Amino acid sequence: MMITVDAALDIVLKHAPSLGAEEVALPDAVGRVLGEDVRADADLPPFDRSAMDGYAVRASDVSAAPVVLDVVGQVRAGQWPDQPLPPGVAVQVMTGAPLPAGATAVQPVEKTRAVDGGRRVEILEPVATGAHVARQGAEGHAGDVVLERGATIDPATVAVLAAVGKAKVLAGRRPTVSVLVTGDELVDVWDTPGRGRIRNSNGYALMAQARWAGAQARSLGVVPDQAPLIAQAVREGFASDVLVISGGVSEGAFDLVEEVLARFDVGFLFTKVAIKPGAPLVFGRRGDKLVFGLPGNPVSAQVTFDLFVRAALLRMQGARVVRRPTVEVELAESVTNRSGRRNHVPALVRFEAGRLLATPLRSVGSADVVAHARANALVVLESERLRAEAGEKAPALLLGNFLERDGLS
């Protein structure tokens, strides 16, 4: 029975087990999924801090600027002011320096003029109370949750972790993935294909996708369409949390993957999904191991991995967001859908004249890896939408390379 894309994804996520969390050192945490809520160990910032190079003043003293004030000291970042700021004077401060008690504002150096060799300063304009000052606790108070469990740790997240003293952090355990490619027609990347043969692009692409989703991936290589050899590789693949097989899941005479998986008591949860590209799509479980049988056509394999396997891998790591972001785009050209399934059309989306404009890319089918590599999005046409004209709106899934493929140029 063929099921919908949404139903299939719900099944995958329902059966994707949580792998728990492990402690990792902060320098190794980028790209991982945060496995704990993180709280500030102190106020952020921990003191009233100057946001500019300039002069700490009492705002009331310079309300009638221009005025000239005596400069009674200097505070640099990392120093602590040794006395409060009396009325009617100024203290030179650098960006990041603590403010002396009594100071209510900082006037940037660009709006001042040194007098008498810097012993006095002319404040050229009035400054509002609180201007150019980061108040203690403005970014967060001690005990506040500053990062939530399930977020992907990116460089900005690393900065927050460092700021609150997290030298080690809990992160979701990375799933292990075995990738097996089947097909008599395949040779390896370093080989020159003979007549009727092609290079194995799926194995390398799926390994890359698994790693991009945070998994630890290993290759089981390429096996011909022979049940005993497929079974031998499958047995080895069950050592991983997830087994991904490409090819051999359709209904041809040499599509043997389902037959082999059944011998290993894999419980099939679905075997066909109403999706284009990629209708023959197998998902099942063997104990706590997940098994995906993806189509052999390269684009079909990549799209179905992105929609289903990637989501499972992220869920296993505890990620809150597991789906690709969806946006509404305006079509630059018409597209058709005669498949009777939800169609995913490779497109190049760019921001133009205040809207997201999608140009469908010419493709010769689900083996056209070149067109797919040029895309930064997949325009989605539901099964009942047979045609969408230029200028009409449609949803689009943004791929992981969106910003690198002219998405915001």
>> Can you say whether GLY150 is farther than 24 Å from LEU34 by Cα, at pLDDT 95 or above and either in contact with a strand residue (DSSP E or B) (Cβ under 9 Å, 6 or more places away or on another chain) or in a helix (DSSP H, G or I) (or both), as far as the supplied structure shows?
In response: no
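To keep it simple, each residue is scored yes or no on (1) of a type outside the set (Phe, Trp, Tyr); (2) farther than 26 Å from LEU361 by Cα.
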{"position": "ARG263", "(1), (2)": "yes, yes"}
{"position": "THR271", "(1), (2)": "yes, yes"}
{"position": "PHE292", "(1), (2)": "no, yes"}
{"position": "SER300", "(1), (2)": "yes, no"}
{"position": "ALA312", "(1), (2)": "yes, yes"}
{"position": "ARG315", "(1), (2)": "yes, yes"}
{"position": "GLY340", "(1), (2)": "yes, no"}
> Taking helices (runs of 4 or more DSSP H) that fall entirely within the range 282-383, which contain at least 2 residues that are free of Cβ contacts under 8 Å to residues at least 60 places away in the same chain and either surrounded by fewer than 23 Cβ atoms within 10 Å (Cβ to Cβ) or not β-branched (Val, Ile, Thr) (or both)?
Replying inline: 369-374
>> For the range 257-270, give me each residue that is without any contact (Cβ under 8 Å) to a residue 60 or more places away in the chain, in contact with a helix residue (DSSP H, G or I) (Cβ under 7 Å, 6 or more places away or on another chain) and not in a helix (DSSP H, G or I).
In response: PHE264
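Quick test for you: out of THR129, THR157, THR192, pick the one residue that is assigned to a loop (DSSP other than H, G, I, E, B) and either at pLDDT 95 or above or open to solvent by less than 20 Å² (accessible area, probe 1.4 Å) (or both). Break it down stepwise before answering.
Details: THR157 fails: assigned to a loop (DSSP other than H, G, I, E, B); THR192 fails: either at pLDDT 95 or above or open to solvent by less than 20 Å² (accessible area, probe 1.4 Å) (or both).
Among THR129, THR157, THR192, only THR129 is assigned to a loop (DSSP other than H, G, I, E, B) and either at pLDDT 95 or above or open to solvent by less than 20 Å² (accessible area, probe 1.4 Å) (or both).
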> Can you tell me how many residues in the range 197-230 are closer than 19 Å to ASP241 by Cβ, outside any strand (DSSP E or B) and open to solvent by less than 60 Å² (accessible area, probe 1.4 Å)?
Replying inline: 9
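Taking the stated definitions as given, is ARG218 within 21 Å of PRO295 (Cβ to Cβ) and basic (Lys, Arg)?
Details: within 21 Å of PRO295 (Cβ to Cβ): no; basic (Lys, Arg): yes.
No, not satisfied.
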> Residues in the range 78-94 that are in contact with a strand residue (DSSP E or B) (Cβ under 6 Å, 6 or more places away or on another chain) and under 14 Å from ASP53 (Cα atoms): how many?
Replying inline: 4
> For ARG174, all conditions in the list (1) part of a strand (DSSP E or B); (2) open to solvent by 40 Å² or more (accessible area, probe 1.4 Å) hold save one; what is the number of the exception?
Replying inline: (1)
>> Looking only at the range 233-257, count every residue that is open to solvent by 50 Å² or more (accessible area, probe 1.4 Å) and either under 28 Å from SER18 (Cα atoms) or among the small types (Gly, Ala, Ser) (or both) and tell me the total.
In response: 5
>> Need pairs with beta-carbon distance below 7 Å; first residue on the phi > 0 side of the Ramachandran plot and within the range 200-220, second buried (at least 22 other Cβ atoms within 10 Å of the Cβ) and part of a loop (DSSP other than H, G, I, E, B); sequence gap 6+ or separate chains.
In response: GLY214/ARG32; GLY214/ARG174; GLY214/GLN317
>> Can you find a residue that is in contact with a Phe, Trp or Tyr (Cβ under 9 Å, 6 or more places away or on another chain) and touching a residue at least 40 places away in the same chain (Cβ under 8 Å) anywhere in the range 136-155?
In response: yes
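Conditions tested, residue by residue: (1) acidic (Asp, Glu); (2) under 26 Å from ALA205 (Cβ atoms).
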site: LEU314; (1), (2): no, yes
site: THR326; (1), (2): no, yes
site: ALA332; (1), (2): no, no
site: VAL335; (1), (2): no, yes
site: ARG342; (1), (2): no, yes
site: GLY354; (1), (2): no, no
site: LEU357; (1), (2): no, no
site: GLU384; (1), (2): yes, no
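Restricting to the range 56-74, give me the number of residues that are open to solvent by less than 20 Å² (accessible area, probe 1.4 Å) and touching a Lys or Arg at 6+ places or on another chain (Cβ under 9 Å).
Of the residues in the range 56-74, 1 are open to solvent by less than 20 Å² (accessible area, probe 1.4 Å) and touching a Lys or Arg at 6+ places or on another chain (Cβ under 9 Å).
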> For the range 100-118, how many residues are touching a Pro at 6+ places or on another chain (Cβ under 7 Å), among the hydrophobic types (A, V, I, L, M, F, W, C) and open to solvent by less than 20 Å² (accessible area, probe 1.4 Å)?
Replying inline: 0
>> Take the residues in the range 75-90 that are exposed (fewer than 15 other Cβ atoms within 10 Å of the Cβ) and within 16 Å of ALA101 (Cβ to Cβ); name whichever of them is modelled with the lowest pLDDT.
In response: ASP82
>> So, in the range 258-270, how many residues would count as being open to solvent by 20 Å² or more (accessible area, probe 1.4 Å) and within 16 Å of THR182 (Cβ to Cβ)?
In response: 5
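Which residue, of VAL242, VAL177, VAL187, VAL181, is closer than 22 Å to VAL260 by Cβ and over 22 Å from the mean Cα position of the chain (by Cα)?
VAL181
The values are calculated or read from the model by the stated rules, or taken from the named source; none is laboratory data. A quick note: this is a predicted structure, and the numbers were derived from the prediction, not measured. All Cβ positions, glycine included, derive from the backbone under ideal geometry; neighbour counts span all protein chains shown. Ligands, DNA and RNA are excluded from the accessible area calculation, which covers all protein heavy atoms including side chains. Shrake-Rupley method; radii C 1.70, N 1.55, O 1.52, S 1.80 Å.
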